[in-house]
Amino acid sequence: LDSLHLEESLHGQGSEVTGCDVGLEQSKPVTLRKNGTYIVCGVIFNDKVLMVQEAKQDCYKQWYLPAGRVEVGESLEGALRREVKEEAGFDCEPISLLLIQEQGPQWIRFIFLAKITGGSLKGLAAADQESLQASWWDRRSALQLRGRDILRLIDSGLKYRQDPWHPTTLPQDLSCRHVVQRLVLVFVGAEDRIWILLLKGTPELHLPTAAALKTHAVTWAANMVVQEAMPSAYYDHDVNTLGVFSLQHNGRQHGRTDGVCFNTLVALVPDHVQRDEDGRKLEPPAADRPPPVENQRYVWFQVQKQTLREKLLEKTKNTSLLPIHSLY
């Protein structure tokens, strides 16, 4: 198991994506501006929250968090620093990702908690096409917001500052061509025994990697893996992507490294509502073991190592991971 980089994954580190096991033929490499858009958004506090006033025609004079598109050749953190500087006048450093939102591989928003390291608040005298001005908002005074979606982002920033409920997570500089999900797919059985789904491959067993499809949420990739590995169990189990251990993005070579790899924890959970022919609910037997694999490429591996087992169980139960939310 050590060769699986599992311990590194659990501690928020990434590893090179060497191939994609599922869905590659239905997926296109990401080329920013052509078939992919990444947005970065900064949540920055003193005792108030940093806001910027929009200069764009369709939301003129409305207020929003500093945010914008990642440009060709940029890292996610580089894009955040640039946007905050252009729109608010400050230099900043990212502290951690707070949340990832997506509408499939073609639109992904990365929300960072960040801190000011220099610069000064942009005033009306410096208004340009990036923004009219910036301001610190107490969240009580009336402010015409461009969208209420940011209130949830501000709340998640406040919550994280008071009690960081997942480890600090920043993008790893590792390249990837597609948007892919690499799964630590677990099944928790009776007495907290835990299994991980692995793929047999060259040269050895590895964690399955699946490409995100344009027609679905990014996390649908996990469903494709389960469908391929155990088609008959698929319909009576839920496939839950619990969160992200780490993510990998490089972005320096346009069209070649614009992809992102999300290293995620996914739980396969028996769907507890089953019914008989008359529509009456049946109590499912407590699942002692994971459903059998039907595809020879896959194998369930029972985790024996105590520390690894405890860490996986704790993450599965508390989902203390960076959340990824589909906006579909």
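The values are calculated or read from the model by the stated rules, or taken from the named source; none is laboratory data. Computed from a predicted model, the values in this text were never measured in an experiment. Heads up, the Cβs are rebuilt from the backbone with ideal geometry, glycines too, and the neighbour counts pull from every protein chain shown. Protein only, heavy atoms only, side chains kept; ligands, DNA and RNA dropped before computing areas. Shrake-Rupley method; radii C 1.70, N 1.55, O 1.52, S 1.80 Å.
From the set of residues in the stretch 34-59 that are among the polar types (S, T, N, Q) and farther than 29 Å from G255 by Cβ, which is surrounded by the fewest Cβ atoms within 10 Å (Cβ to Cβ)? So, considering only residues that are among the polar types (S, T, N, Q) and farther than 29 Å from G255 by Cβ, the one surrounded by the fewest Cβ atoms within 10 Å (Cβ to Cβ) is Q57. Residues in the stretch 108-144 that are open to solvent by 70 Å² or more (accessible area, probe 1.4 Å) and either outside any loop (DSSP other than H, G, I, E, B) or in the same structural domain as V180 (by the TED database) (or both): K115, T117, L124, A125. Within the stretch 167-174, one or more residues are hydrophobic (A, V, I, L, M, F, W, C) and under 30 Å from T31 (Cα atoms). Every listed requirement among (1) open to solvent by 30 Å² or more (accessible area, probe 1.4 Å); (2) in the same structural domain as Q103 (by the TED database); (3) assigned to a helix (DSSP H, G or I) is met by Q227 save one, (2). Number of residues in the stretch 208-237 that are within 11 Å of L197 (Cβ to Cβ) and among the acidic types (D, E): the value is 1.
Residues being out of contact with any helix residue (DSSP H, G or I) (no Cβ under 6 Å at 6 or more places or on another chain) and assigned to a strand (DSSP E or B): count how many of those fall in the stretch 174-183. Explain how you work it out, then say what you get.
Pass one, the stretch 174-183, residues out of contact with any helix residue (DSSP H, G or I) (no Cβ under 6 Å at 6 or more places or on another chain): 174-180, 182.
Now narrow it down to the ones that are assigned to a strand (DSSP E or B): 179-180, 182.
Here the count works out to 3.
Within the stretch 145-204, being of a type in the set (V, I, T) and either touching a strand residue (DSSP E or B) at 6+ places or on another chain (Cβ under 9 Å) or open to solvent by less than 30 Å² (accessible area, probe 1.4 Å) (or both) holds for I150, I154, T168, T169, V179, V180, V184, V186, V188, I194, I196. Mind counting the residues in the stretch 186-234 that are free of Cβ contacts under 8 Å to residues at least 24 places away in the same chain and of a type in the set (S, T, Y)? So the count comes out to 2. May I ask you to list pairs of residues, at least six apart or on different chains, whose Cβ atoms are under 9 Å apart, with the first in the stretch 98-120 being within 25 Å of S27 (Cβ to Cβ) and the second being charged (D, E, K, R) and open to solvent by 20 Å² or more (accessible area, probe 1.4 Å)? Close Cβ pairs satisfying both conditions: L99/R152; Q101/D149; G104/K214; P105/K28; P105/K214; Q106/K214.
Only one of the listed residues (T31, T18) is of a type in the set (S, T, Y), within 30 Å of N263 (Cα to Cα), touching an Asp or Glu at 6+ places or on another chain (Cβ under 8 Å) and surrounded by fewer than 17 Cβ atoms within 10 Å (Cβ to Cβ). That residue is T31. Within the stretch 122-169, the set of residues being without any contact (Cβ under 8 Å) to a residue 60 or more places away in the chain and under 22 Å from the mean Cα position of the chain (by Cα) comprises R148, D149, L151, R152, D155, K159, Q162, D163.
Residue by residue through the stretch 60-74, note down the ones that are in contact with a helix residue (DSSP H, G or I) (Cβ under 7 Å, 6 or more places away or on another chain) and surrounded by fewer than 18 Cβ atoms within 10 Å (Cβ to Cβ).
First, the residues of the stretch 60-74 that are in contact with a helix residue (DSSP H, G or I) (Cβ under 7 Å, 6 or more places away or on another chain): 64-68, 70-71.
Listed by number, the list holds a single entry, E71.
Beta carbons closer than 7 Å, at least 6 apart along the sequence or on distinct chains, pair a first residue in the stretch 246-266 that is closer than 14 Å to Y38 by Cα with a second that is among the acidic types (D, E) for N250/D173; G251/E74; G251/D258. Only one of the numbered conditions (1) open to solvent by 20 Å² or more (accessible area, probe 1.4 Å); (2) within 30 Å of L145 (Cα to Cα) is not met by L98, and that is (1).
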